[in-house]
Amino acid sequence: MIQSLLIANRGEIACRIIRTARALGIRTVAVYSDADADALHVRMADEAVHIGPSPARESYLVGDRIIDAAHESGAEAIHPGYGFLSENADFAQSVLDAGLVWVGPNPHSIRAMGLKDAAKERMIAAGVPVTPGYLGADQSPERLRAEADAIGYPVLIKAVAGGGGKGMRQVDDAAAFADALQSCQREAASSFGDVRVLIEKYIQSPRHIEVQVFGDRHGQVVHLFERDCSLQRRHQKVIEEAPAPGMDDATRAAVCAAAVKAAQAVDYVGAGTIEFIADASEGLRADRIWFMEMNTRLQVEHPVTEAITGQDLVEWQLRVASGEPLPCTQADLTITGHAIEARLYAEDPAKGFLPSIGTLEAFDLGEDVRVDTGVEQGSVISPFYDPMIAKLIAHGETREDAREQLADALDEAVVWPVRSNAGFLVEALDHPDFAAGRVDTGLIAREGAGLMPPAYPSEEALTAAAAELAGPAPLAGFRLNAAPRRAARFLLDGQAIDIDFTDAEDAEEAVTTSVLISEGGQTWALAPFRASGAAAGGAGDGAILSPMPGRVIAVEVDAGASVTKGQKLLTLEAMKMEHSLVAPFDGIVAELNAEAGGQVTEGALLARIEAAD
Ligand code: ADP
């Protein structure tokens, strides 16, 4: 067994690899960029080596620097994780040439599966069913168009070098072909430096079914059953599960056998995934499942397979890389229960899923389900890397059991002030089609706004938080029959909001700063309207406070100016988003404490409007 391992990655996967390596008694070496100096994976590893500036192309993607780091730290082996250099055959070769152990397949296997057209040719030769389509060398627009016509619309144009859902265009009829081809080629050129495309039949009611395979250096290849990753947003996986709903034994046997055949065709060693696309218009059927591509690495969603098989796939990888035979034979592997994984992203569903950055002042995913994460409370989400911050994996006796566990865990998630998609994931898990196992890759796009979590907390949560801020009710008033009404103005995530909390349960004592409201996977902060800065200025209701730390990018009014209700006063930039602050009523700008370019803290009094009488 190898004694030391450098992990050429970051975030949750680096932490997850370190965990298993440590359990096996292997010394771990992390690498990190400037932005990750305090990251969890750096603190978890036995040793850490700085490899460069924050942008990945200057650090995590610099192969030579990573190999140097392995030599400096005396690491024997390199685990690439997923993404970054994991499917880079040249890097794998350089690792081997440097006399190090590569925890992954042979470079020639990576190359064989690297381009979608060559991979499909290879699979056809091996007798694996592939999606019907055109893979030819003739890339003239006329020929491609003629092939699309012959396949029959709708078709999918795919960049042969594509990946990560990029470089794909669906074309519904002949008239749309030319434009779609051009735009696909443009994206292929800029993202992958290779304009070649292939054309595939667009599968109706498509389901994404993939099979985990594993090979060793002794010629054995096994499969660890299938995963269903049909719940996707823009061709990116959102929720994954194992086994696939509605998969019968005969169909499973056929697709898993095809996957093993595919892996054997490229002498596969280590963890790999064969991705298939299924036409599920009449359920899953063996003759309607086709090879799509192979991922020659560990997948993000490997934990659902670990859950149902009881195996540790990173341990398998490290054993195989050390030259040991696979820990299990095919006959030893069985499916127990059902597992579902959800990917938690630092992004704001309400703002078109824009990435959200900043410090995780509150971060709690509970302990009821498996959580694989690379961050903790206090971590900073930087703009440099993938916004996935955690994976939650539930394992139950039945699919329904796993689904409920996962929905409950996400419902209670607290992520603040960074935005997350937890509320969106709760909606997706609770969607009647998902709950019934009726999944296909178009579900999220079809449902659109229907999966958006509520914009505001429930009235119940708001009034309870308001009562908590306000403290105990004053003693009953002198009007005998009327209970005193309790209402006040608060700031909900920086926006003024009037809450009548007469009916809320009385609080024991007042909370003076702010309270977090967590509900349905979403978190809001409720603060008294007269927050810090405002109090200092003795400002009344016309206080314009900074809703978050940020930079003033424009001041639209002068001190002393008359303004009307709703008129824009200034614009702030915070977390890469712009926020306009407007006059709450007609009046004059009695105070102005902001200038363009200035930094402001949360709650700072930026301006004060005095009402015009
Ligand atoms: P990438 O390498 O960019 O991830 P894939 O070829 O794996 O691209 O396809 C990504 C997703 O696109 C699949 O999971 C599926 O949802 C959809 N897709 C791919 N090929 C087809 C097809 N022929 N018909 C319908 N959907 C497809």
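Based on what the data block shows, is residue 117 within 12 Å of the ligand (Cβ to nearest atom), assigned to a helix (DSSP H, G or I), open to solvent by 20 Å² or more (accessible area, probe 1.4 Å) and touching a residue at least 24 places away in the same chain (Cβ under 8 Å)? In short, yes. Counting residues in the stretch 443-452 that are open to solvent by 60 Å² or more (accessible area, probe 1.4 Å), under 30 Å from residue 526 (Cα atoms) and out of contact with any Cys (no Cβ under 6 Å at 6 or more places or on another chain) gives one or more. Selection of the stretch 517-529 for residues being modelled with pLDDT of 95 or more, open to solvent by 20 Å² or more (accessible area, probe 1.4 Å) and not polar (S, T, N, Q) yields 519, 520. Is it fair to say residue 327 is in contact with an Asp or Glu (Cβ under 8 Å, 6 or more places away or on another chain), open to solvent by 40 Å² or more (accessible area, probe 1.4 Å) and within 28 Å of residue 259 (Cα to Cα)? Yes, satisfied. Among residues of the stretch 87-114 being among the aliphatic types (A, V, I, L, M), part of a loop (DSSP other than H, G, I, E, B) and touching a strand residue (DSSP E or B) at 6+ places or on another chain (Cβ under 6 Å), the one that is farthest from the ligand (Cβ to nearest atom) is 100.
Picking from residues in the stretch 359-393 that are free of Cβ contacts under 8 Å to residues at least 60 places away in the same chain and outside any loop (DSSP other than H, G, I, E, B), the one that is most open to solvent (accessible area, probe 1.4 Å) is 364.
Of the residues 20, 28, the single one that is among the polar types (S, T, N, Q) and assigned to a helix (DSSP H, G or I) is 20.
Selection of strands (runs of 3 or more DSSP E) fully inside the stretch 142-233 by the criterion of at least 3 residues being more than 17 Å from residue 130 (Cβ to Cβ) and either charged (D, E, K, R) or more than 10 Å from the ligand (Cβ to nearest atom) (or both) returns 206-215, 221-233.
Among the residues of the stretch 343-358, those that are among the charged types (D, E, K, R) and either assigned to a strand (DSSP E or B) or over 19 Å from residue 522 (Cα atoms) (or both) comprise 343, 347, 348.
Does residue 331 fit the bill of being among the small types (Gly, Ala, Ser), farther than 30 Å from residue 234 by Cα and free of Cβ contacts under 8 Å to residues at least 40 places away in the same chain? Considered against the rule, which asks whether it is among the small types (Gly, Ala, Ser), farther than 30 Å from residue 234 by Cα and free of Cβ contacts under 8 Å to residues at least 40 places away in the same chain, residue 331 comes out as yes.
Before we move on, is residue 398 free of Cβ contacts under 8 Å to residues at least 60 places away in the same chain and among the β-branched types (Val, Ile, Thr)? In short, no. For the stretch 505-514, taking the residues that are within 37 Å of the chain's Cα centre (by Cα) and farther than 15 Å from residue 548 by Cα, the one that is modelled with the highest pLDDT is identified as 511. Name the single residue, out of those in the stretch 541-563 being part of a loop (DSSP other than H, G, I, E, B) and within 36 Å of the chain's Cα centre (by Cα), that is modelled with the highest pLDDT. Ranking the candidates gives 546 first. For the stretch 258-293, the candidate set comprises residues that are assigned to a strand (DSSP E or B) and away from the ligand (no atom under 16 Å from the Cβ); within that set, the residue that is surrounded by the most Cβ atoms within 10 Å (Cβ to Cβ) is 271.
Restricting attention to the stretch 330-358, and to residues there that are at pLDDT below 95 and open to solvent by 40 Å² or more (accessible area, probe 1.4 Å), which single residue is nearest to residue 391 (Cα to Cα)? Ranking the qualifying residues of the stretch 330-358, first place goes to 355. Residues of the stretch 234-257 that are within 16 Å of the ligand (Cβ to nearest atom) and open to solvent by 20 Å² or more (accessible area, probe 1.4 Å): 234, 235, 236, 237. A Cβ distance below 7 Å, combined with a sequence gap of six or more or placement on separate chains, defines the contacts here; from the stretch 160-183, residues that are on the phi > 0 side of the Ramachandran plot reach residues that are within 12 Å of the ligand (Cβ to nearest atom) and outside any helix (DSSP H, G or I) in the pairs 165/234; 165/235; 165/236; 167/158; 167/159.
The values are calculated or read from the model by the stated rules, or taken from the named source; none is laboratory data. Predicted, not measured: the structure shown is a model, and the values here were computed from it. Using ideal geometry, Cβ is built from the backbone for each residue, glycine included, and neighbour counts are taken over all protein chains shown. For the accessible areas, the whole protein counts, side chains as well, though only heavy atoms, and no ligand, DNA or RNA atoms are used. Shrake-Rupley method; radii C 1.70, N 1.55, O 1.52, S 1.80 Å.
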